[in-house]
Amino acid sequence: MNAPTAAPLAWRVTPSDHARSAEQRAAILGGELGFGNIFTDHMVAIEWDKARGWHDAQVRGYGPLSLDPAAAVLHYGQEIFEGIKAYRHADGSIWTFRPHANARRMQHSAARLALPQLPESEFVESLRQLIAIDHDWVPWAPETSLYFRPFMIATEAFLGVRAANTVSYLVIASPAGAYFSKGVAPVSIWLSQHYARAARGGTGAAKCGGNYAASLLPQQEARAQGCSQVLFLDPVEEKYLEELGGMNVFLVYKDGRIVTPELSGSILEGVTRSSILQLARDRGLRVEERKVSIDEWRDGVASGDIAEAFACGTAAVVTPIGELKGEGFSIGDINAPAGEVTMAIRKELTDIQYGRVPDRHGWLVKLR
Ligand SMILES: *Cc1c(COP(=O)(O)O)cnc(C)c1O
């Protein structure tokens, strides 16, 4: 069922009949972009069915989908997604970051959700096709980007419980503002002690909507506690750090070690996470991927051995964690400035992405 299509897909491009004018676009891009609020004029769609495999690759006007109310995705959540950005360089060229890593991750997510695997080359081509028509939507202002949201849904109209025989892969794109418009500011994190985001043998290592659905209630709880994000513990011993709802987590020790939870089977392997591990090694930091208990964090902050903590993911890149709160405790200091190692790594990664320093690991792929 997952055999990749041998020949590259033929693309059909139908320009939107309601594309915005250059003036309208300039007004939108010149305003407050935020994250995920505005979408470009076009989208990608590729269909899959069991008999034909991947077929009917299209770029068409952005607009509502027509789905049968019995479509499996609406009932059983057979859905996966990706998040990846296009960056405008000073010379006007447009690049993306490690797209083959996202393509492979989407294949792993697909395997777990019993969805078909889109060939890596078609994943990258889908981004290229969308940029070919919507390149003017990639903003120029510092630290802005065009965020791609590739996703795959089960479209078969059938209420029996089994993997669907018809599937759509889609890509939409959203111009995104600088995540921290007023400068990078440390955030408060809430430790969820009642909820897990994933289970042993569950879908934690897949990027699927269901994991996010499970994180919404704990996220509300975090907000009510004055925190912006939730930290989840491992679902088995409820003792070891896993990750935030949509970001991986790192601790920086004052002796030059940088530690992140090992991939436990229920942690999502972030492309940002693996890039930071590489950049940390390059800087001569001692990198450790291992189990990290919540007690280690608490005691390490108390003794001063842990100097910094941060979260990372494509959307915000690197977010300093100022404070960790949970029932009956609070560690760190939300008013302390962001850590030096955190900010240096953040700067280096964004400098690579925006073409301001050499891309020594060959991570960038030119889209236009
Ligand atoms: C997408 C995601 C991340 C971050 O992955 P990146 O590839 O770095 O953007 C981390 N955790 C979860 C649960 C995610 O869905």
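The values are calculated or read from the model by the stated rules, or taken from the named source; none is laboratory data. The model shown is predicted, which means the values in this text are computed figures rather than measured ones. Glycine also receives a Cβ, built like all others from the backbone with ideal geometry; neighbour counts cover every protein chain displayed. Just so you know, the surface numbers come from the protein's heavy atoms only, side chains and all, with ligands and any DNA or RNA stripped out. Shrake-Rupley method; radii C 1.70, N 1.55, O 1.52, S 1.80 Å.
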For residues that are modelled with pLDDT under 95 and either in the same structural domain as Ser266 (by TED's automatic domain parsing) or hydroxyl-bearing (Ser, Thr, Tyr) (or both), tally how many sit in the stretch 106-149. 0
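Do we have Pro358 as of a type outside the set (A, V, I, L, M, F, W, C), at negative phi and at pLDDT below 95 here?
Working: of a type outside the set (A, V, I, L, M, F, W, C): yes; at negative phi: yes; at pLDDT below 95: no.
So Pro358 does not fit the description; no.
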The condition of being within 19 Å of Thr314 (Cβ to Cβ) and within 14 Å of the ligand (Cβ to nearest atom) holds, among Gly202, Gly209, only for Gly209
Out of the residues in the stretch 170-215 that are of a type outside the set (A, V, I, L, M) and assigned to a helix (DSSP H, G or I), which is most open to solvent (accessible area, probe 1.4 Å)? Tyr212
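Is it the case that Asp282 is assigned by TED's automatic domain parsing to the domain that holds Ala338 and open to solvent by 70 Å² or more (accessible area, probe 1.4 Å)? Step through it out loud before you land on a result.
Numbers: assigned by TED's automatic domain parsing to the domain that holds Ala338: yes; open to solvent by 70 Å² or more (accessible area, probe 1.4 Å): no.
Considered against the rule, which asks whether it is assigned by TED's automatic domain parsing to the domain that holds Ala338 and open to solvent by 70 Å² or more (accessible area, probe 1.4 Å), Asp282 comes out as no.
For (1) of a type in the set (Ser, Thr, Tyr); (2) touching a Pro at 6+ places or on another chain (Cβ under 7 Å); (3) part of a strand (DSSP E or B); (4) at pLDDT below 95, each residue gets a yes or a no:
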site: Ala222; (1), (2), (3), (4): no, no, no, no
site: Val230; (1), (2), (3), (4): no, yes, yes, no
site: Leu263; (1), (2), (3), (4): no, no, no, no
site: Leu279; (1), (2), (3), (4): no, no, no, no
site: Glu288; (1), (2), (3), (4): no, no, yes, no
Filter result (within 18 Å of Ala315 (Cβ to Cβ), among the basic types (Lys, Arg) and surrounded by fewer than 16 Cβ atoms within 10 Å (Cβ to Cβ)) within the stretch 219-276: Arg223
Which one is farthest from Gly183 (Cα to Cα) among residues in the stretch 318-331 that are of a type in the set (A, V, I, L, M) and modelled with pLDDT of 95 or more? Leu324
In the stretch 264-288, how many residues are away from the ligand (no atom under 11 Å from the Cβ), out of contact with any Phe, Trp or Tyr (no Cβ under 9 Å at 6 or more places or on another chain) and under 21 Å from Gly201 (Cβ atoms)? 1
When Arg105 is evaluated against the numbered criteria (1) within 16 Å of the ligand (Cβ to nearest atom); (2) part of a strand (DSSP E or B), which criterion, by number, is the only one it fails? (2)
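Of these, Lys325, Lys291, which one is among the basic types (Lys, Arg), farther than 17 Å from Gln229 by Cβ and assigned by TED's automatic domain parsing to the domain that holds Leu231?
On the way: Lys325 fails: farther than 17 Å from Gln229 by Cβ.
So the residue among Lys325, Lys291 that is among the basic types (Lys, Arg), farther than 17 Å from Gln229 by Cβ and assigned by TED's automatic domain parsing to the domain that holds Leu231 is Lys291.
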Being of a type in the set (Asp, Glu) and more than 14 Å from the ligand (Cβ to nearest atom) is the filter here, so list the residues in the stretch 81-91 that pass it. Asp91
All positions within the stretch 301-313 that are more than 16 Å from the ligand (Cβ to nearest atom) and either of a type in the set (A, V, I, L, M) or open to solvent by less than 10 Å² (accessible area, probe 1.4 Å) (or both): Val301, Ala302, Ile306, Ala307
Selection from the stretch 306-343 of residues under 18 Å from Gly246 (Cα atoms) and in a loop (DSSP other than H, G, I, E, B) yields Thr314, Ala315, Ala316
Listed by first then second residue, the pairs whose first member lies in the stretch 93-119 and is without any contact (Cβ under 8 Å) to a residue 60 or more places away in the chain, whose partner is part of a helix (DSSP H, G or I) and surrounded by 22 or more Cβ atoms within 10 Å (Cβ to Cβ), with beta carbons under 6 Å and at least 6 positions apart or on separate chains, are Ala103/Phe123
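For the stretch 314-327, give me each residue that is open to solvent by 10 Å² or more (accessible area, probe 1.4 Å) and either more than 24 Å from Gln193 (Cα to Cα) or within 16 Å of the ligand (Cβ to nearest atom) (or both). Show your work before the answer.
Kept after step one, since they are open to solvent by 10 Å² or more (accessible area, probe 1.4 Å), are these residues of the stretch 314-327: 314-315, 317, 321-323, 325, 327.
If the condition is that a residue be open to solvent by 10 Å² or more (accessible area, probe 1.4 Å) and either more than 24 Å from Gln193 (Cα to Cα) or within 16 Å of the ligand (Cβ to nearest atom) (or both), then Thr314, Ala315, Val317, Ile321 are the ones that fit.
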For the stretch 92-99, state whether one or more residues are modelled with pLDDT of 95 or more, over 28 Å from Val161 (Cβ atoms), part of a loop (DSSP other than H, G, I, E, B) and within 13 Å of the ligand (Cβ to nearest atom). yes
Collect the residues in the stretch 56-87 that are open to solvent by 30 Å² or more (accessible area, probe 1.4 Å), more than 26 Å from Pro8 (Cβ to Cβ) and of a type outside the set (Ser, Thr, Tyr), keeping them in residue-number order. Pro64, Leu67, Asp68, Pro69, Leu74, His75, Gly77
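Residues Thr350, Thr319: which one is touching an Asp or Glu at 6+ places or on another chain (Cβ under 8 Å) and in contact (Cβ under 8 Å) with a residue 60 or more places away in the chain?
On the way: Thr319 fails: touching an Asp or Glu at 6+ places or on another chain (Cβ under 8 Å).
Of the residues listed, the single one that is touching an Asp or Glu at 6+ places or on another chain (Cβ under 8 Å) and in contact (Cβ under 8 Å) with a residue 60 or more places away in the chain is Thr350.
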